[in-house]
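Novice: Structure below; questions to follow.
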Amino acid sequence: MDGSAYGTFENFTIVGDGTEQTPNAIAQQWTAAAYRSTTQNTWRCVTMRSLKCVTGFNITGNNQNDGTTLYDVAMGGGQTAGSWSSSGNWQTGFLFGGSGYSNNFDHYFFGCNFSGWYYGLNCVGSVFHWFAGEPGGNSVDFAVVPANVSSIKGVESE
């Protein structure tokens, strides 16, 4: 997704077959190729599993990419406890943020889940609000370097 504004994406599953290799299952960004910012998109009832990828849901970039809302989005990785690796597949379930010059703020997550990742959620200089969910089976559930006030509420982390 590049340059999408006020879009709604819902009710689908991404399933890998073990032969693919991709950097991201879903990438929502704003690059120089798009003529508009990426803002105010909604994702609802989306699941990813069994896909060989580095990042499940990527919301990064050096330009405006703000106001994303996710409801019941689940990213299933393939790393297992006791054999964590900080390189290769399944590095980050949800990755968001950007450089100091970007406008990558105000992301909302409701009932989202992630498991089987090195980093379940990795916030790099952004602002987010996470409500509910049951992350588990990750090396690190939440790796957070917020740019301002962020919140995590109602989460049972294992």
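The values are calculated or read from the model by the stated rules, or taken from the named source; none is laboratory data. Keep in mind it's a predicted model, so treat the numbers as computed, not measured. Reconstructed Cβ throughout: ideal geometry from the backbone, glycine too, with neighbour counts over all protein chains shown. Heavy atoms of the whole protein, side chains included, go into the accessibility calculation; ligands, DNA and RNA do not. Shrake-Rupley method; radii C 1.70, N 1.55, O 1.52, S 1.80 Å.
Novice: Could you please give the count of residues in region 63-82 that are in a strand (DSSP E or B) and touching a Gly at 6+ places or on another chain (Cβ under 8 Å)?
Specialist: Final tally of qualifying residues: 5.
Novice: Would you check which residues across region 128-158 are small (Gly, Ala, Ser), farther than 28 Å from residue 82 by Cα and surrounded by 15 or more Cβ atoms within 10 Å (Cβ to Cβ) and list them?
Specialist: 147, 150
Novice: Among the residues in region 130-147, are any farther than 26 Å from residue 30 by Cβ, touching a residue at least 12 places away in the same chain (Cβ under 8 Å) and among the hydrophobic types (A, V, I, L, M, F, W, C)?
Specialist: Taking every residue of region 130-147 in turn, at least one turns out to be farther than 26 Å from residue 30 by Cβ, touching a residue at least 12 places away in the same chain (Cβ under 8 Å) and among the hydrophobic types (A, V, I, L, M, F, W, C).
Novice: Testing residue 117 on (1) open to solvent by 40 Å² or more (accessible area, probe 1.4 Å); (2) assigned to a loop (DSSP other than H, G, I, E, B), one condition comes back false. Which one is that?
Specialist: With (1) open to solvent by 40 Å² or more (accessible area, probe 1.4 Å); (2) assigned to a loop (DSSP other than H, G, I, E, B) applied to residue 117, the lone miss is (1).
Novice: Let me ask something else about it. Looking at 122, 103 in this structure, which one is part of a strand (DSSP E or B), at negative phi and open to solvent by 20 Å² or more (accessible area, probe 1.4 Å)?
Specialist: Exactly one of 122, 103 is part of a strand (DSSP E or B), at negative phi and open to solvent by 20 Å² or more (accessible area, probe 1.4 Å), namely 122.
Novice: Something else about it: Scan region 48-71 for residues that are of a type in the set (D, E, K, R) and crowded, with 18+ Cβ neighbours inside 10 Å and jot them down.
Specialist: 66
Novice: Since residue 7 meets every condition but one in (1) more than 16 Å from residue 123 (Cα to Cα); (2) open to solvent by 40 Å² or more (accessible area, probe 1.4 Å), which condition does it not meet?
Specialist: The single condition residue 7 does not satisfy is (2).
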